[in-house]
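Q: Quick one: this structure, given as structure tokens, is what I'll be asking you about.
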Amino acid sequence: GQKMLFTGSNPQSADTSVHKLRVKDLLSMLTQEYSKTPGAVVLFGGLEQGCAQFNQESSFYYFTGINEPGAVAVFNLNGKSTLYVPNHGATRAAWVHTPVPLIQANAKKLGFDIVTTLGQPLPGYQLYPFSDLKYYDALTADLNSLINSGGKIFTLMPHNASEYVEQRWMIERLNTVVPNLKSSCIDISEFAALMRRKKDMGEIEKMYKAVEI
């Protein structure tokens, strides 16, 4: 069984603090369950779909608070955290979905140690489901290094037909350029579900406000 280590959150605290506490709880559970297993939690943000309003993948947002399409979060069990953002350059300046620029200077504000680009420069302002994987090559190089050193990839990969489609889609695609990626994955969807079922005071207050509206 898993021992739950919820730290809760102060509804008046900064959002990044809430997300950092959630990541800390998740890593604590994984460390207990997979003792002495090196690796990292890898979470994929959602992608924009045509003219539809963008909605971030909910578990990615739950653990990061990042609302930018195509972002990838990597939380190493050794404590190091990295946010990878699509390499848009100046082409997306007016389109960003976050009030805090996603750059290294703001890494601590965003709840990460490192903020870096996902891969090679993009020709446009968004990533697509079938975008060339060269736009992910910084991430794939790091995943290769982690796997080659014996690390596991803890990600959202349940064995059913309906959940975490975008997360699983990215694993399937990246598996074509990262040998043994899929076989190195360990599903953490049950851990995420256990955490998300228990609401902290900030979440409860937002639920009350939604009902009032």
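Q: Calculate for the chain the 222 nm mean residue ellipticity that helices alone would give, adding -39,500 (n - 2.57) per DSSP H run of length 4 or more and normalising by residue count, nearest 500 deg cm²/dmol.
A: -10000 deg cm²/dmol
Q: Another question, if that's okay. Could you state the number of Å between the C-alpha centres of the range 187-207 and the range 56-91?
A: Between the Cα centres of the range 56-91 and the range 187-207 lies a distance of 19 Å.
Q: My understanding is that a pair violates if its Cα-Cα distance is over 19 Å; which of Lys24/Lys80; Lys108/Lys134; Lys152/Lys182; Lys20/Lys199; Lys36/Lys109 do that in this structure?
A: Lys108/Lys134; Lys36/Lys109
Q: Moving to a separate point now. Taking only protein heavy atoms and a 1.4 Å probe, what accessible area per residue, in Å², does the chain have with all protein chains in place?
A: 53
Q: Pop the C-beta distance of Gln49 and Ser149 into the FRET formula with R0 = 41 Å and round what comes out to the nearest 0.05. Before the final figure, lay out each step's value.
A: Numbers: r = 36 Å, r/R0 = 0.87.
After rounding, the FRET efficiency stands at 0.70.
Q: If you don't mind, another one. So, counting K/R as plus one and D/E as minus one, what does the shell of residues with Cβ under 9 Å around Gly45 add up to?
A: For residues surrounding Gly45, the net value is -3.
Q: May I pose another question? On the accessible surface of the chain, probed at 1.4 Å, how many percent belong to carbon and sulfur atoms?
A: With neighbouring chains kept in place, the figure for the chain is 54 percent.
Q: Around Gln120, with a cut-off of 13 angstrom between Cβ atoms, what is the net charge of the other residues, counting Lys and Arg +1 and Asp and Glu -1?
A: Local charge sum for Gln120: -1.
Q: Something else: Quick one: net charge around Val177, please, counting Lys, Arg +1 and Asp, Glu -1 for every other residue with C-beta under 13 Å from its C-beta.
A: Net charge around Val177: -1.
Q: Which percent, nearest 5, of DSSP beta bridges in the chain are antiparallel?
A: Details: 9 of 19 bridges.
Taking every DSSP beta bridge within the chain, about 45 percent pair in antiparallel fashion.
Q: List, in order, the whole-Hz ³J(HN,Hα) value for each residue of the range 72-85 obtained from phi through the Karplus relation with A = 6.51, B = -1.76, C = 1.60 and θ = phi - 60°; use x for Gly and Pro.
A: Per-residue couplings from phi come out as 10, 10, 10, 10, 6, 5, 7, x, 6, 10, 9, 10, 9, 10 Hz.
Q: Test of understanding: what is the full-extension gain from Ile204 to Ile186, defined as 0.36 nm times their sequence separation minus their Cα-Cα distance?
A: 3.4 nm
The values are calculated or read from the model by the stated rules, or taken from the named source; none is laboratory data. Everything numeric here is computed off the predicted structure, so don't read it as measured data. When we count neighbours, we look across all protein chains shown, and the Cβ atoms used for this are built from the backbone with ideal geometry, even at glycine. These accessible areas exclude ligands, DNA and RNA; they are computed on the full protein's heavy atoms, side chains included. Shrake-Rupley method; radii C 1.70, N 1.55, O 1.52, S 1.80 Å.
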